[in-house]
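Notes to accompany the following structure.
The values are calculated or read from the model by the stated rules, or taken from the named source; none is laboratory data. What you are looking at is a predicted structure, and each value in this text was computed from that prediction instead of being measured. Positions of Cβ are generated from backbone atoms using ideal geometry, with glycine treated the same way; all protein chains shown enter the neighbour counts. To get the accessible areas, we keep the full protein, side chains included, count just its heavy atoms, and leave off ligands, DNA and RNA. Shrake-Rupley method; radii C 1.70, N 1.55, O 1.52, S 1.80 Å.
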Amino acid sequence: MNVHSRLASVTGRIAERSRESRGAYLARIEAARSQGPRRGAMGCGNLAHAAAGCAAADKTDMAGNTRPNLGIVTAYNDMLSAHRPYEHYPERIRAFAREFGGTAQVAGGVPAMCDGVTQGRAGMELSLFSRDVIALATAVALSHDAFDAALCLGICDKIVPGLVIGAATFGHLPFVFIPGGPMPTGISNPEKNVVRQAYAAGKAGREELLEAEMASYHAPGTCTFYGTANTNQMLMECMGLHVPGASFENPGTPLREALTREGVRRALAITALGDDYTPIGRVLDEKAFVNGIVALHATGGSTNLTLHLIAMARAAGILLDWEDFSELSDLTPLLARVYPNGTADVNEFHAAGGIAFVIGELLDAGLLHPDTTTINGTGLEAYARPVALDARGRLRWSTPAARESGDESILRPVAAPFDEHGGLRRLQGNLGTGVIKISAVKPELHRIEAPARVFADQNEVIAAFMAGDLDRDFVCVVRFQGPKANGMPELHSLMPSLGVLLDRGFRVALVTDGRMSGASGKVPSAIHLSPEAVDGGPIGRLRDGDMLRLDAAAGTLDVLVDPAEWAAREPAQAELATHGCGRELFASFRERVGTAESGASVLF
């Protein structure tokens, strides 16, 4: 397969930029690999401690150091619907491992918070930082040095990126990511959103809203919209860390069980004890990250990944920036319409052909690197083949005679895309650098020029909306929401109110140094503005009434104020909450965290 010249050019630029850091990383993982399986070098007391809780047969296998031992890093809790299915995975994984001649142990757990629960609440200020805590907890779990490979059980917003960062730090070990799948479809996402906006406008009560929400989020599994959690699953497949076809099969089905079993088999097969050694440090290379970014654009995925992919790549010695995202967006056609970029949910996306269709189309167009290293022992072409169970209950990946979308209102081929370009854009101007997701925004709203209305938090915005003070064309500026200020919370609670104003015919946009949910949709939103207000960013100089111009097509964001007046302005200050709901424990994170452009991490 031929690779598009611009794709090759971006990849080469990333590799050249990362030459020194990637070289140092690869040298570290090679040094760790050269020491061989570490369990064999343990002292007798150390090994006895590691095996003490195992079944008798497993103790024998672990002591012999000839059969691989898998470490399970789990994000299970039963408060997250997406992670609820993981409760019994460890016992099944242990059984599968024995079946294939290995052993498995839960190495440790990592925290897993739900952004859906914390939206608009103080806990959301810990959300982004939880990604780096998860990476640290993954390292603690694997520091026992008793494992030949690892399985990561995690799905949602910060959890998968945190697991990847932690895993990359142990780059000499193979890792397989084991998903749990999306919940079955409840009421449609557009129907739920109608009730949300009615509630925001005072036309529906709390009882009606709660009934709609609980009919949507109603069962174990990921939420069914194409937010950050499901974008994560798509990425793990396109980057070669899943068994092909594993992302979007519902929990509790025979196919889901078979895919989990295959994940265990592959993890055992790719350890250094065998002939197919595949460490994650080699899987996570420049081509894999470029493939991930292309797939993000082609599917209209979550803006959160413009932070996470940069941090994930840095853990593997690879330096990505928003220019890479922007150039790849220009190159990539939009092939999917999944809520909030359409009306379909991920179950309908999967039924229409899903990730296999997208990968196949992009490969044929030369828009993905086919020759990547994957945990499957193949290149990426194997991920373009749909998976099913045969009559004997075995996994079978088929090669259709012709690739066709099951529903062209959800999935389209490269020859007839929804848009010639991807769903994400970089913005630059005298307000700094930011990101906008336009795949769900009407074309007539891609350019907004209107006066600013400036707020210090989202509660102020909602109060002004409820008081009737926002019935006009305006740009809603919410500042002091960056990582140094308060951990960069998502501001998804603004969307119902701003959506109502759009429906009333006003031209409205959002500009913020904070984040938006992966579920953000129709409101044009310039987010991740960097530098942030608390770090001296220009957004701190804005005043009510300043004219702002947001032009997504041109990729610009500017304040239209006389330059001399602008330069003379003093930036605003804000009182920031530093205590309550655990904020005080994260003071050092706020002090150390990097910019949004660099991945908003405290680790790099």
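Taking amide H as placed 1.01 Å from N in the peptide plane, the amide H of residue 525 sits under 5 Å from that of 437, 510, each at least 5 places away or on another chain. Scaled against the 2.2 N^0.38 Å expected of a compact globular protein of N residues, the Cα radius of gyration of the stretch 83-215 reads 1.35. The lysines whose alpha-carbon is closer than 29 Å to the alpha-carbon of residue 192, local same-chain residues fewer than 8 away aside, are 158, 203, 437, 442, 522. Residues 156, 476, ordered by accessible area of protein heavy atoms at a 1.4 angstrom probe radius and largest first, appear as 156, 476. When P(r) over Cα pairs in 10 Å bins from 0, in percent is computed from the coordinates, the matching label among (i) 3, 15, 24, 25, 18, 10, 4, 1, 0, 0; (ii) 3, 14, 20, 23, 22, 14, 5, 1, 0; (iii) 3, 17, 28, 27, 16, 6, 2, 0 is (iii).
State whether the stretch 463-596 is rounded, prolate or oblate according to the following rule on the C-alpha gyration tensor (a ≥ b ≥ c being the square roots of its eigenvalues): a/c under 1.5 gives rounded; otherwise a/b larger than b/c gives prolate, and the remaining case gives oblate. In terms of gyration-tensor shape, oblate. For the stretch 237-243, putting each phi into the Karplus relation 6.51 cos²θ - 1.76 cosθ + 1.60 with θ = phi - 60° gives couplings of 6, 5, 9, x, 9, 10, 5 Hz, in residue order, rounded to whole numbers and with x for Gly and Pro. Here the spin labels are modelled as points 7 Å beyond Cα on the Cα-Cβ line, and at residue 95 and residue 218 they lie 3.0 nm apart. For residue 537, nonlocal amide neighbours, meaning residues 5 or more places apart or on other chains whose placed amide H falls under 5 Å from its own, are 532.
Computed from the C-beta positions of residue 26 and residue 145, the FRET efficiency with R₀ = 25 Å rounds to 0.75.
The ellipsoid equivalent to the alpha-carbon distribution of the stretch 345-449 has semi-axes of 34, 17, 13 angstrom, derived from the gyration tensor eigenvalues as √(5λ) and listed largest first. Each label point was placed 7 Å from the Cα along the Cα-to-Cβ direction; for residue 351 and residue 506 their separation is 3.9 nm.
Where both bridge residues fall in the stretch 407-554, DSSP classifies roughly 55% of the beta bridges as antiparallel. The HN-Hα couplings worked out from phi for the stretch 588-604 by the Karplus form 6.51 cos²θ - 1.76 cosθ + 1.60 (θ = phi - 60°) are 5, 5, 4, 6, 9, 4, x, 6, 4, 4, 9, x, 6, 10, 8, 9, 10 Hz, whole numbers, x standing for Gly and Pro. Cβ-Cβ distance of residue 404 and residue 378, R₀ of 35 Å, FRET efficiency by 1/(1 + (r/R0)^6): the value works out to about 0.90. Working from label points 7 Å from Cα in the Cα-to-Cβ sense, the residue 187 to residue 459 distance is 2.8 nm.
Computed extension length for residue 17-residue 2: 3.0 nm, one decimal, from 0.36 nm per residue of separation with the Cα-Cα distance subtracted. In the context of the full protein assembly, residue 218 retains an accessible surface of approximately 80 Å², using a probe radius of 1.4 Å and ignoring ligands and nucleic acids.
Mean separation of Cα pairs under 8 Å and 6 or more residues apart, divided by the residue count, gives the chain a relative contact order of 15 percent. Averaging the sequence gap over all C-alpha pairs within less than 8 Å and six or more residues apart, then dividing by the number of residues, gives the stretch 291-401 a relative contact order of 21 percent.
Straightening the chain between residue 467 and residue 575 buys 36.5 nm, computed as 0.36 nm per residue apart minus the Cα-Cα spacing.
The phi torsions of the stretch 433-448, fed into the Karplus equation with coefficients 6.51, -1.76 and 1.60 and a -60° offset, translate into couplings of 10, x, 9, 9, 9, 10, 5, 10, 9, 4, x, 5, 9, 5, 10, 10 Hz, rounded to whole numbers, with Gly and Pro shown as x. Maximal additional length on extending the residue 449-residue 66 stretch stands at 131.2 nm, based on 0.36 nm per residue less the C-alpha distance. At an R0 of 45 angstrom, the distance between the Cβ atoms of residue 207 and residue 388 translates into a FRET efficiency of 0.60. In percent, rounded to a whole number, the relative contact order of the stretch 25-147 is 28, using alpha-carbon pairs under 8 Å and six or more apart. Assign one of three labels to the stretch 426-488, namely rounded, prolate or oblate, based on the Cα gyration tensor with a ≥ b ≥ c the square roots of its eigenvalues; rounded applies when a/c is under 1.5, prolate when it is not and a/b is larger than b/c, and oblate otherwise. Oblate, since a/c reaches 1.5 and b/c is not below a/b.
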